[in-house]
Amino acid sequence: MQKLEVFGISKLRGQIKISGSKNASLPILAATLLSSKKIYLKNLPKVKDIETMISLLKSLGSKIKLRKKNLIINNSKQSKNFASYNLVKTMRAGILVLGPLLAKFGNAKVSLPGGCAIGSRPVDIHLKALSKLGVKYKIIQGYVHANAPKGLIGSKIRFSKISVGATENLIIAASFAKGITILKNCAIEPEIKDLVNFLIKSGCKIKWITKRSIKIEGVSQINQITYPIMFDRIEAGTYLIAAAITEGNLKIKNIIPKVIQTEINILRKIGAKVFTKKNEIKIIGNKKIKSINIKTAPYPGFPTDLQAQIMVLLCKANKKSSIKENIFENRFMHVAELNRMGAQISINGNEAIVEGNINFASAELMATDLRASVSLILAALTTKGKSIINRIYHLDRGYENIEKKLKMVGANIRRIN
Ligand code: UD1
């Protein structure tokens, strides 16, 4: 099994180009199932989750060619409506094929995604909303068996809780339903805006009517298009935090700074100097890091996907900080490993109390989930010795060429078998 070796102390300097967004690519790839025309997608990140989604689409009959980071998808002969456990178990986003399969075939059998280290992550909100479009379903031996006897029929749906995945599944399904669907209390993450832009460009009739409500008029065909995926805002946020932790000086390129305004404001509050241009951010980390209290929230709040990384930064702050995790109940798996490196973090319910002025010590570590893994790298960059990070397959699910990108800006990091 591969591991990462990280030798501190590195002050990161130089520039990093941000890849395409994993979390925008996944629903857009699922939405291509609606099409019988060719779809060209550009700027896909080369990460494991995208490979898994491509395998899932191929298992459903999609013909897919990959040219560098561009994908040509041809679904004209796509014929299967069964998504197996093997392909859905490692990646919760597999459930996103349920909406488009029901829209296309009127029935589908899709494995429930497995449990997950960061929380129970049920799909009840997806299923409840789909049933309002006329879907009947049963859960038998870990599979959702769903069918829409009269086809999908537009409806008014208010999500009981803001869910990124459920909003995406329903936007895709309603795009092919008969009549008009109104979705209320939607997630408004930038990746959802990217999915909506993709669908509108393909000929779907979707309109934001209030901040969290969407009106969708079903269509029966979508057009051939070429679409570039947006940048990965979590990757961008991770490298911005890396610069702040290491007193670095980094240019983060290929991004749109206003999409991550919340993160920029927080980095300025803790003392980093942040300068924005149209498609780039320059960040200079400060020796003194100020403590701050943070809570994760749906966009435009602070993202749960950056909670582990900001926690490492707050360990270096001048005083105690607190972080409330409001999205996933168990998303503190990184805390035990960070404490092994010398952090003093205590958990009380969904709140972490983070003591400041910590000098991390190098250690052999275990990655537990995607974002937890990267937080261990960030901590390791500030230590004097060698750290070894095991189980980095979690990291490869979502960070493209992470050790290459970090090496280019001065980190001493390598992958070993
Ligand atoms: C997506 C992101 C993930 C991010 C999360 C929150 C992708 C592929 N993944 O995950 O990186 O951390 O948004 O920003 O885009 N919930 C239910 N029932 C449901 C659905 C969700 O109870 O049917 C709960 C979840 O357990 C969680 C909360 O709602 O507590 C939010 O989850 P959701 O927004 O759906 O996250 P994902 O779409 O899984």
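The values are calculated or read from the model by the stated rules, or taken from the named source; none is laboratory data. Treat the numbers as computed from the prediction; the structure is a model and nothing was measured. What goes into the accessible areas is simple: the full protein's heavy atoms, side chains included, and nothing from ligands, DNA or RNA. Shrake-Rupley method; radii C 1.70, N 1.55, O 1.52, S 1.80 Å.
Listing for the model above:
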quantity: A317 long-range amide H proximity, modeled H, under 5 Å; calculated: N357, I358
quantity: With 10 Å bins from 0: P(r) over the range 145-220, alpha-carbon pairs, percent; calculated: 20, 57, 22, 1
quantity: The chain - mean residue ellipticity at 222 nm from DSSP helices (-39,500 (n - 2.57) per run, n ≥ 4, rounded to 500); calculated: -8500 deg cm²/dmol
quantity: Under 5 Å, built H, 5+ apart or other chain: amide partners of S362; calculated: K384, G385
quantity: Average projection area in nm² (convex hull over Cα atoms of the range 22-228, one quarter of hull surface); calculated: 10.1 nm²
quantity: Solvent-accessible area of K386 with every protein chain in place, 1.4 Å probe, in Å² to the nearest 10; calculated: 100 Å²
quantity: Phi-based couplings in Hz for the range 194-208 (Karplus 6.51, -1.76, 1.60; Gly and Pro marked x); calculated: 5, 4, 5, 4, 4, 5, 4, 4, 7, x, 6, 9, 10, 9, 6
quantity: Contact order normalised by residue count of the chain, Cα under 8 Å, 6+ apart, percent; calculated: 21 percent
quantity: Full-stretch length increase - I9, I139 - with 0.36 nm per residue and alpha-carbon distance subtracted; calculated: 41.7 nm
quantity: Over the range 240-320, relative contact order from alpha-carbon pairs under 8 Å, at least 6 apart, %; calculated: 32 percent
quantity: Where the chain is the region considered: accessible area per residue in Å², 1.4 Å probe; calculated: 42 Å²
quantity: Share of carbon and sulfur in the accessible heavy-atom surface of the chain [1.4 Å probe, %]; calculated: 50 percent
quantity: Set K42/K404; K22/K65; K128/K215; K193/K269; K89/K386; K42/K156 screened for pairs whose C-alpha atoms are more than 24 Å apart; calculated: K193/K269; K89/K386; K42/K156
quantity: Rel. contact order, % - alpha carbon contacts under 8 angstrom, at least six apart, the range 98-235; calculated: 21 percent
quantity: Amide proton proximity set for A83, modelled H, under 5 Å, gap of 5+; calculated: K109, V110, S111
quantity: The range 182-327: equivalent-ellipsoid semi-axes (sqrt of 5 x gyration tensor eigenvalues, Cα, Å); calculated: 35, 18, 10
quantity: Whole-Hz ³J(HN,Hα) from phi, Karplus 6.51 cos²θ - 1.76 cosθ + 1.60, for the range 343-358, glycine and proline x; calculated: 5, 10, 10, 10, 10, 10, x, 9, 10, 10, 9, 10, 6, x, 6, 8
quantity: Accessible area (Å², 1.4 Å probe, nearest 10) - S202; calculated: 0 Å²
quantity: Derived scalar couplings ³J(HN,Hα) [the range 72-86; Karplus, 6.51 cos²θ - 1.76 cosθ + 1.60; whole Hz; x for Gly, Pro]; calculated: 10, 10, 10, 10, 4, 10, 5, 9, 9, 10, 10, 10, 7, 4, 4
quantity: Candidate residues M408, M311: accessible-area rank, largest first, probe 1.4 Å; calculated: M408, M311
quantity: Bins of 10 Å from zero: percent of alpha-carbon pairs in the chain; calculated: 5, 23, 31, 24, 14, 4, 0
